[in-house]
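Taking it in order: structure first as structure tokens, then the write-up.
The values are calculated or read from the model by the stated rules, or taken from the named source; none is laboratory data. A quick note: this is a predicted structure, and the numbers were derived from the prediction, not measured. Cβ coordinates were reconstructed from backbone atoms using ideal geometry, including for glycine residues, and neighbour counts include every protein chain displayed. Accessible surface areas use protein heavy atoms only, side chains included; no ligands, DNA or RNA. Shrake-Rupley method; radii C 1.70, N 1.55, O 1.52, S 1.80 Å.
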Amino acid sequence: LASVAERLGGEYRNGRLTLRTLGKPFGIDDQGKMHADIHIHGWIAIPMLRYVLESKGEPLTGRWVPLRELKGGQDWYRLFEQRGEKAIKHLADNYSELFEDMTLLFNGQETSDDFNADIVVVLYPLPKAPMMICYWKPDEGMASSLNVFFDESAPDNLPIDALYSLVAGFVRMLEKISQRHGIRSATG
């Protein structure tokens, strides 16, 4: 673990590799035990392990692309669109505080983009696998729209299926937050 810390954008100290996931420390010790301030479940733990084992540590490019344009992304896009983008859009349409909560709870950064979205939030589920969520509010008879973009280097740092799992896990967290506010999830 010590040998991969710098490549992954983390640090190794006292027998534990610590990475930031959604702004929170997430550690893996030398015995393989995970430690985190967030609930650890398979949707997050498995992509984290894959990141540790498979990331090439490629630097971020700053070029944002949809999942379908990433290497191997076309095969996963329909499922990602349903369980990722449409689910987040449903929450954004019905839970107006969603983006503020993402910014506060998950260390998101509101930013501008080249897509002219009304709201843009960049999140770091893993240090070298950020995602940008762009939301266009409904306007003059036009429905709202939401797209998730990844840094072009994402598949070099996390395989596409693990990116999908990471976003699906993130959606689960958002759904739990929104349910506390009385909003039904997009999936049930």
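Looking for whichever is over 29 Å from Gly27 (Cα atoms) and either of a type outside the set (Gly, Ala, Ser) or touching a Lys or Arg at 6+ places or on another chain (Cβ under 7 Å) (or both) here; the options are Arg68, Arg63. Which one fits?
From the options Arg68, Arg63, the qualifying one is Arg68.
Here is a yes/no grid of residues against (1) open to solvent by less than 20 Å² (accessible area, probe 1.4 Å); (2) modelled with pLDDT of 95 or more; (3) in contact with a Phe, Trp or Tyr (Cβ under 6 Å, 6 or more places away or on another chain); (4) not in a helix (DSSP H, G or I):
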| residue | (1), (2), (3), (4) |
| --- | --- |
| Val148 | yes, yes, no, yes |
| Pro155 | no, yes, no, no |
| Ala168 | yes, no, yes, no |
| Val171 | yes, no, no, no |
| Gln179 | no, no, no, no |
| Gly188 | no, no, no, yes |
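Is there any pair linking a residue in the range 64-80 that is farther than 15 Å from Met132 by Cβ to one that is surrounded by fewer than 18 Cβ atoms within 10 Å (Cβ to Cβ) and basic (Lys, Arg), with Cβ under 7 Å and at least six apart or on different chains, and which?
What qualifies is Gln74/Arg68; Tyr77/Arg68.
Is it fair to say Gly62 is touching a Gly at 6+ places or on another chain (Cβ under 9 Å) and not in a helix (DSSP H, G or I)?
Taking the combined requirement at face value, the residue does not satisfy it.
Could you list all residues from the range 22-50 that are of a type in the set (Asp, Glu) and either in a loop (DSSP other than H, G, I, E, B) or open to solvent by 40 Å² or more (accessible area, probe 1.4 Å) (or both)?
If the condition is that a residue be of a type in the set (Asp, Glu) and either in a loop (DSSP other than H, G, I, E, B) or open to solvent by 40 Å² or more (accessible area, probe 1.4 Å) (or both), then Asp30, Asp37 are the ones that fit.
Where the second residue is open to solvent by less than 10 Å² (accessible area, probe 1.4 Å) and part of a loop (DSSP other than H, G, I, E, B) and the first is among the polar types (S, T, N, Q) and lies in the range 130-150, which pairs have Cβ atoms under 7 Å and are six or more apart or on separate chains?
Nothing qualifies.
Here are Leu98, Leu19: which of them is crowded, with 16+ Cβ neighbours inside 10 Å, within 17 Å of the chain's Cα centre (by Cα) and under 18 Å from Leu174 (Cβ atoms)?
Of Leu98, Leu19, the one residue that is crowded, with 16+ Cβ neighbours inside 10 Å, within 17 Å of the chain's Cα centre (by Cα) and under 18 Å from Leu174 (Cβ atoms) is Leu98.
Go through (1) closer than 15 Å to Pro159 by Cα; (2) open to solvent by 60 Å² or more (accessible area, probe 1.4 Å); (3) within 17 Å of the chain's Cα centre (by Cα); (4) of a type in the set (A, V, I, L, M, F, W, C) and name the single condition Leu8 misses.
(2)
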